[in-house]
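Structure first, then comments.
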Amino acid sequence: MKKVVLLVVLACVGAFAADGAAIYKKCAVCHGQKAEKKYLNKVPVLTEIDPAQRLADMKAYKAGAINGGKGKINMGAIMKGQMATLSDADMAAVNDYISTLK
């Protein structure tokens, strides 16, 4: 019985896990389908950023903590808006998805 309950719990958790590929679709407008665009020739290609740094940046943009909310290239307000609805799990899923793009 315990095994059945555990399998049901794991199945439910998997069903509600964040889908990084689906979430990334709104990012693709600026960053490219494969995270390959160098936006405004200023933002580095996302796949070239260390994954830990990329995740830290997402969290910092959400908090408005980069350059007093201005962001790295004065896009802080836009990025804060993009990150506003994402949970930590969503950001981690997107970050993991970007790591698969090469």
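Hey, could you check segment 67-93 for residues that are free of Cβ contacts under 8 Å to residues at least 12 places away in the same chain and not polar (S, T, N, Q) and say which is nearest to VAL29 (Cα to Cα)? Within segment 67-93, the match that is nearest to VAL29 (Cα to Cα) is ILE78. Within segment 26-51, the set of residues being among the polar types (S, T, N, Q) and without any contact (Cβ under 8 Å) to a residue 24 or more places away in the chain comprises GLN33, ASN41. Return a yes/no flag: does segment 15-24 have any residue that is open to solvent by less than 50 Å² (accessible area, probe 1.4 Å), modelled with pLDDT under 95 and closer than 16 Å to VAL94 by Cβ. Within segment 15-24, one or more residues are open to solvent by less than 50 Å² (accessible area, probe 1.4 Å), modelled with pLDDT under 95 and closer than 16 Å to VAL94 by Cβ. What do you reckon, is GLY76 surrounded by 13 or more Cβ atoms within 10 Å (Cβ to Cβ) and under 25 Å from THR100 (Cβ atoms)? Considered against the rule, which asks whether it is surrounded by 13 or more Cβ atoms within 10 Å (Cβ to Cβ) and under 25 Å from THR100 (Cβ atoms), GLY76 comes out as no. Which residues, counting only those in segment 43-84, are of a type in the set (S, T, N, Q) and either more than 12 Å from the chain's Cα centre (by Cα) or at pLDDT 95 or above (or both)? Residues satisfying the conditions are THR47, GLN53, ASN67, ASN74.
The values are calculated or read from the model by the stated rules, or taken from the named source; none is laboratory data. Owing to the predicted nature of the structure, the values given are computational and were not obtained by experimental measurement. Please note: Cβ atoms are built from the backbone with ideal geometry, for glycine as well, and neighbour counts cover all protein chains shown. When the accessible area is computed, the model is the full protein with side chains, heavy atoms only, and any ligands, DNA or RNA have been set aside. Shrake-Rupley method; radii C 1.70, N 1.55, O 1.52, S 1.80 Å.
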